[in-house]
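Here is the structure we will look at, set down as structure tokens.
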Amino acid sequence: MKAAQRPCLVPRLTTSGTPLVIDVDGCTYRLSQELDHFRAGGRWWLGEPSRDVWVLACGPVTLEVARYDQAHNGSQWWLLRIQD
């Protein structure tokens with residue numbers, strides 16, 4: 001996976017809260033399968049908030065997406081990594 005580290009939009013979630021649709025840089029990705037979900041603490045010494053992280057299969061692409069507990073650098077949702 002390569003690092004992306006950019007904000008994204010998540011307009012739709014599943015009933016359990018998993019991102020269903022992810023929009024980033026003019027591309028829309030739709031969830032095929034949730035591969036992993038975990039809770040991660042932020043780097044407290046840098047003032048980062050905690051976050052929920054999902055690893056998602058979206059067709060042939062795998063995304064790592066995070067939802068921060070509070071806005072992080074102006075956005076709550078972030079695309080952390082992508083593998084195509």
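If a residue must be among the acidic types (Asp, Glu) and part of a strand (DSSP E or B), how many such residues does the range 1-59 contain?
So the first thing to find is which residues in the range 1-59 are among the acidic types (Asp, Glu), and the list is 23, 25, 34, 36, 48, 52.
Those still in the list that are part of a strand (DSSP E or B) too: 23, 34, 36, 52.
Number of matching residues: 4.
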Item to complete: Only one of these is without any contact (Cβ under 8 Å) to a residue 60 or more places away in the chain and not acidic (Asp, Glu): Ala57, Ala4. Name it.
Response: Ala57
Practice prompt. Give me the pairs, please: first residue somewhere in the range 13-27 and within 15 Å of Trp78 (Cα to Cα), second residue anywhere and small (Gly, Ala, Ser), beta-carbon distance under 8 Å, and either six or more positions apart or on two chains.
Written response: Val24/Ala4
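Limited to the range 28-37, what total is found for residues that are free of Cβ contacts under 8 Å to residues at least 24 places away in the same chain, closer than 13 Å to Leu56 by Cα and surrounded by 10 or more Cβ atoms within 10 Å (Cβ to Cβ)? Working first, answer last.
Taking the range 28-37 and keeping what is free of Cβ contacts under 8 Å to residues at least 24 places away in the same chain, we get 28, 34, 36-37.
Next, from what is left, pick out any that are closer than 13 Å to Leu56 by Cα: 34, 36-37.
Then keep just the ones that are surrounded by 10 or more Cβ atoms within 10 Å (Cβ to Cβ); that gives 34, 37.
Of the residues in the range 28-37, 2 are free of Cβ contacts under 8 Å to residues at least 24 places away in the same chain, closer than 13 Å to Leu56 by Cα and surrounded by 10 or more Cβ atoms within 10 Å (Cβ to Cβ).
So, in the range 13-27, of the ones that are surrounded by 13 or more Cβ atoms within 10 Å (Cβ to Cβ) and more than 10 Å from the chain's Cα centre (by Cα), which residue ends up farthest from Glu64 (Cα to Cα)?
Narrowing the range 13-27 to residues surrounded by 13 or more Cβ atoms within 10 Å (Cβ to Cβ): 13, 18-24.
Now restrict to residues that are more than 10 Å from the chain's Cα centre (by Cα): 13, 20-21, 23-24.
On the way: Leu13: 15, Leu20: 13, Val21: 13, Asp23: 13, Val24: 12 Å.
Going through the qualifying residues, I end up with Leu13.
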Worksheet entry | Matching entry among Pro49, Pro19, Pro60 (being in contact with a Gly (Cβ under 8 Å, 6 or more places away or on another chain) and not acidic (Asp, Glu)) | Pro49
Worksheet item: Do you know which residues across the range 40-58 are buried (at least 16 other Cβ atoms within 10 Å of the Cβ) and touching a Phe, Trp or Tyr at 6+ places or on another chain (Cβ under 7 Å)?
Response: Arg51, Val53, Cys58
Fill in: The listed residue being crowded, with 18+ Cβ neighbours inside 10 Å and among the β-branched types (Val, Ile, Thr), out of Val65, Val61
Val65
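Every number in this text was worked out from the coordinates using simple rules, so none of it is lab data. Just so you know, these numbers come straight off a predicted model, no measurement behind them. Cβ coordinates were reconstructed from backbone atoms using ideal geometry, including for glycine residues, and neighbour counts include every protein chain displayed.
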